[in-house]
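Before any comments, here is the structure.
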Amino acid sequence: MTHPRSGNWSTHASVYLTWLVPTVVVVLLAFFQPWVGTPVSFKDVVVVAGGIIPDQDRAALLDMGVKAVFGPGTPTPDIVEFVRAAVAERDSGTYL
């Protein structure tokens with residue numbers, strides 16, 4: 001982890017819907033609560049996913065609150081730009 005508000009987890013199994021994403025969100029919220037000092041919700045963190053994820057699972061992840069799902073071959077600058085824009089949007093108070 002390079003910054004207290006970022007992280008990277010990887011899995012090669014399809015546990016992202018039932019375990020990985022929900023667990024990451026719970027851990028992030030628990031981590032930020034004492035650090036921020038005010039109640040923290042899912043909208044306070046930017047969660048993205050990536051890899052070989054079937055379309056129906058992509059939709060489920062987005063419904064869970066994941067802000068973007070990047071497939072294999074997505075250029076790194078595109079991901080970086082998305083994350084920067086999402087963080088700026090969150091910090092401006094317009095993040096939904």
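The values are calculated or read from the model by the stated rules, or taken from the named source; none is laboratory data. The structure presented is a predicted model; accordingly, all values stated were derived computationally and were not measured. Cβ sites come from the backbone with ideal geometry, for glycine too, and all protein chains shown count toward neighbours.
Looking at region 60-72, can you tell me whether even one residue there is over 20 Å from Ala86 (Cβ atoms) and at pLDDT below 85? Working first, answer last.
Of the residues in region 60-72, the ones over 20 Å from Ala86 (Cβ atoms) are 72.
Okay, now just the ones that are also at pLDDT below 85, so none.
The answer is no; no qualifying residue exists.
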Worksheet item: Of all the residues that make up region 44-56, how many are assigned to a helix (DSSP H, G or I) and surrounded by fewer than 16 Cβ atoms within 10 Å (Cβ to Cβ)?
Response: 2
Fill in: Matching residues in region 63-96 - criterion: being in contact with a Lys or Arg (Cβ under 9 Å, 6 or more places away or on another chain), surrounded by 10 or more Cβ atoms within 10 Å (Cβ to Cβ), in a loop (DSSP other than H, G, I, E, B) and touching a residue at least 24 places away in the same chain (Cβ under 8 Å)
Gly65, Val66, Tyr95
Practice prompt. Output the qualifying pairs, or none if there are none: Cβ atoms under 7 angstrom, residues six or more apart or on different chains, first residue in region 19-47 and at pLDDT below 80, second residue part of a helix (DSSP H, G or I) and polar (S, T, N, Q).
Written response: Val40/Gln33
